[in-house]
Amino acid sequence: MELGGVQNIRWKKCKGGIKESRPSLQTSGYSMNIVYMPPNAEYELKGREFIVCLLRGSIVNLPLSIRKSLLLEKGGLLKSGENGCLLFVCRDEGDNNKYFDDIFGIEIKWSKYDTNMHRTVPRIRVDKYRINLWYLGPNKHGGIHNHSNDPVPFVEFHTQLRGNGWMVKYADEKGEKELERVEMVRGYTHDLFCSVKGKKITYPWHEYIAGENGSLFIVFEDTRI
């Protein structure tokens, strides 16, 4: 399975055919890794608390569906299904109250996108996913946008790491009429805003709005349609 996009990222082979990305992505009290589990394998989570996001396949001993996440209050064994699975695992080593923090491990950095708004570059790439972190300062509006006409179509979703915010859907680009507002809290991944019909992906006008303490979250873009 392909893993790249970042110069020093690589697979570490573990017992039972399991693979973990190395080095970890470390920031804001989290240590994050991509984990591949072959069919019917077991993987032990060791630590305090975890956010686990399922990117491909299935986990048979958790109520977790694809492109969704769970906040686990303790470690334990994960068991993959008959087709294996691909996970993004965030081990919470303690909230340091720094949502825009230094990054250690893999060779990515913060890049300013707008005033009080940053994203990590380059993006991690694994099995047709593009993955990076975003930070928005207190009450920052991410900007109303629409991915429907992007040159490479993708399914987008977000997982909250620190702080809180809202994914907001609008009737038009001006944002004068709000259609839906989904609160984003630690460990939560929203339902897809886009609709997929064959190879066609349709997005509503939408944006992310950060809460009063700012927000740190993951953006996943799945280009396997």
Please name all residue pairs, on different chains or six or more residues apart, with Cβ atoms under 7 Å, provided the first residue is in the stretch 1-21 and is in the same structural domain as Gly57 (by TED's automatic domain parsing) and over 16 Å from Cys85 (Cα atoms) and the second residue is surrounded by 14 or more Cβ atoms within 10 Å (Cβ to Cβ) and of a type in the set (Ser, Thr, Tyr). Ile9/Ser21
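Taking the condition of being of a type in the set (Ser, Thr, Tyr), under 20 Å from Val6 (Cβ atoms) and not in a loop (DSSP other than H, G, I, E, B), how many residues in the stretch 23-55 meet it? Full working, then the answer.
First pass over the stretch 23-55, keeping only residues of a type in the set (Ser, Thr, Tyr): 24, 27-28, 30-31, 36, 43.
In the following step, the residues that additionally are under 20 Å from Val6 (Cβ atoms) were identified as 24, 27-28, 30-31, 36.
If we keep only those that are not in a loop (DSSP other than H, G, I, E, B) too, we end up with 27, 30-31, 36.
Matching residues across the stretch 23-55 total 4.
Residue by residue through the stretch 183-206, note down the ones that are assigned to a strand (DSSP E or B) and either crowded, with 16+ Cβ neighbours inside 10 Å or in the same structural domain as Cys53 (by TED's automatic domain parsing) (or both). So that I can check it myself, show each step before the final result.
Let us first name the residues in the stretch 183-206 that are assigned to a strand (DSSP E or B), namely 183-184, 189, 195-197, 200-202, 205-206.
Met184, Thr189, Ile201, Trp205, His206 - these are the residues of the stretch 183-206 that are assigned to a strand (DSSP E or B) and either crowded, with 16+ Cβ neighbours inside 10 Å or in the same structural domain as Cys53 (by TED's automatic domain parsing) (or both).
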Does any residue of the stretch 129-138 turn out to be surrounded by fewer than 16 Cβ atoms within 10 Å (Cβ to Cβ), more than 24 Å from Asn97 (Cα to Cα) and either free of Cβ contacts under 8 Å to residues at least 24 places away in the same chain or not assigned by TED's automatic domain parsing to the domain that holds Glu49 (or both)? no
Could you tell me which of the residues Leu70, Leu62, Leu78 is in contact (Cβ under 8 Å) with a residue 12 or more places away in the chain, under 27 Å from Asn164 (Cβ atoms) and within 16 Å of the chain's Cα centre (by Cα)? Leu70
Filtering the stretch 97-123 down to residues that are in the same structural domain as Ser215 (by TED's automatic domain parsing), polar (S, T, N, Q) and either surrounded by 17 or more Cβ atoms within 10 Å (Cβ to Cβ) or modelled with pLDDT under 95 (or both) yields Thr120
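The values are calculated or read from the model by the stated rules, or taken from the named source; none is laboratory data. Keep in mind that this is a model prediction, so the values were computed, not measured. As a convention, Cβ positions derive from the backbone with ideal geometry for all residues, glycine included, and neighbour counts pool all protein chains shown.
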